[in-house]
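Trainee: Encoded as structure tokens, here's the structure I'll be asking about.
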Amino acid sequence: MKVLVVGSGGREHALCWAIKKSPKCKELFSAPGNAGIAQIAECADIAVDDINGLVSFAKSKNIDFVVVGPEIPLVAGLVDRLNAAGIMAFGPNAAAAELEGSKIFMKDLCAKYGIPTGKYEYFDDCDAAKEYLIRNRPPIVVKADGLAAGKGVILCRNENEAFAAIDHIISERAFGAAGDRVVIEEFLHGEEASFFALVDGEHAIPLVTAQDHKAVNDGDEGPNTGGMGAYTPAPVVDAAMSQRIMDEIITPTVKAMAAEGRPYKGVLFAGIMISENGPKVLEFNVRFGDPECQAMMLRLKSDILEALHACATGKLKKVKLDWHDETALVVVMATKGYPGFYEKGSEIRGLDKVNGSDDVHVFHAGTREDAGRIIANGGRVLGVTALGSNVAKAQKRAYQTVDGIDWPEGFCRRDIGWRAINR
Ligand code: AMP
Ligand code: GLY
């Protein structure tokens, strides 16, 4: 197969790395890719939201199979457009990608089909939203309806914060049209985990569980980022909890989407709160997690390309995936300043000395190559990923690798995995 991977993050580097190992992969392309991906695939400089450009490129290269990494092209209908051009693709079509594209769609689906999630209401009017807060006291969560690059969720401890969040989203239009409506949601308590399943429209198979660290600083302090590290498996999700999540959340969601005439194909990523009253959905994402995917790919023993293709062609029933029992942990190295302002253009040295084993891999995110040098070109820049017999050992190995990378302009958290290690 000629395969195209769409995206430029650590997630897409990990997917390319895993796909490249498949005997079925004859040629590998990526758009737009990054410096790490360019070492194993041919990259084309096409942005992930340039749907016409991506479809033309796939046609011009006679691509057999497209794997779409990020949510933006999925919500924008890239898979629909590729399928219309006769090209098979992994990921939901636009109608199914609404699960991530609209929080109101997702909450209404859960309500209609009895899928456990927090109590909620939605509004397009500031006054009505604030009036609701008088009857439903904080702590409470205010969310922009549409895609907001992970920033559209505001946890409010008191009424002032909640009022400010509503103004920020609806009146100040902080997230543009994504904030035409807000969801106000019950604050759920418990421990969070990420659950991933492959879905072919009808059948779902669980992948593995993970936990990520969204806050920028040690101790889970400071502003939220796209994710500063993750590990898999998540110790909070034991086999019994995993089965409950399949039975109470994943399978009912797959059935609900089919019943709505929007059969879901792709990876279904459920953000779950393990609460006193059982698992509840915080959100659905229609893609792999970043950086969870980097850790997951290091644990996967089976052929990922076969599995993704079976998923896209409705043949998931035949697939069985094998995983290393070990823990995989990823530490994200970011440019100093991230998630606020940061400078691009610093050089990263020493990468050639740290890569190359099956147990440790440094995935690239925001990097570019310049005359043989690797240059930081974004906020999240590297995902240093390691396997170990437990979380502590995987963590130690990952940080040993981090310490071998010479990049004074970068930083990372030093406590990825603390929650699991303290259990
Ligand atoms: P989301 O993008 O919806 O997953 O929200 C981002 C983060 O906000 C989640 O990972 C949770 O940590 C937190 N969050 C979202 N919804 C809730 C909720 N209803 N209660 C408590 N925390 C939440
Ligand atoms: N790491 C969380 C996400 O990909 O949404």
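Trainee: Give 227, 261 a once-over and let me know the one that is of a type in the set (Gly, Ala, Ser), within 16 Å of ligand 1 (Cβ to nearest atom) and touching a residue at least 60 places away in the same chain (Cβ under 8 Å).
Mentor: Exactly one residue qualifies, and that residue is 227.
Trainee: Can you tell me which residue in segment 134-151 is farthest from ligand 1 (Cβ to nearest atom), limited to those that are closer than 15 Å to residue 124 by Cα and among the small types (Gly, Ala, Ser)?
Mentor: Ranking the qualifying residues of segment 134-151, first place goes to 146.
Trainee: Looking at segment 280-294, is at least one residue more than 16 Å from ligand 1 (Cβ to nearest atom) and either touching a residue at least 24 places away in the same chain (Cβ under 8 Å) or surrounded by fewer than 24 Cβ atoms within 10 Å (Cβ to Cβ) (or both)?
Mentor: yes
Trainee: Scan segment 63-78 residue by residue and report those that are in contact with a Lys or Arg (Cβ under 6 Å, 6 or more places away or on another chain) and either farther than 16 Å from residue 99 by Cα or of a type in the set (Gly, Ala, Ser) (or both).
Mentor: 63, 64, 69 - these are the residues of segment 63-78 that are in contact with a Lys or Arg (Cβ under 6 Å, 6 or more places away or on another chain) and either farther than 16 Å from residue 99 by Cα or of a type in the set (Gly, Ala, Ser) (or both).
Trainee: Right, something else. How do the helices (runs of 4 or more DSSP H) wholly within segment 19-128 filter down when requiring 1 or more residues that are more than 20 Å from the chain's Cα centre (by Cα): which remain?
Mentor: Result: 51-60, 78-84, 103-113.
Trainee: Taking the residues in segment 318-355 that are touching a Lys or Arg at 6+ places or on another chain (Cβ under 6 Å) and under 26 Å from residue 418 (Cβ atoms) as candidates, determine which candidate is surrounded by the fewest Cβ atoms within 10 Å (Cβ to Cβ).
Mentor: Checking each candidate, the answer is 324.
Trainee: Is at least one residue of segment 279-289 more than 12 Å from ligand 2 (Cβ to nearest atom) and more than 21 Å from the chain's Cα centre (by Cα)?
Mentor: No, that holds for no residue.
Trainee: Is it true that residue 173 is assigned to a loop (DSSP other than H, G, I, E, B) and away from ligand 2 (no atom under 16 Å from the Cβ)?
Mentor: yes
Values quoted throughout were computed directly from the atomic coordinates according to the rules given, and no laboratory measurement underlies them. Please read these numbers as outputs of a predicted model, since none were measured by experiment. Backbone-built Cβ (ideal geometry, glycine too); neighbour counts: all protein chains shown.
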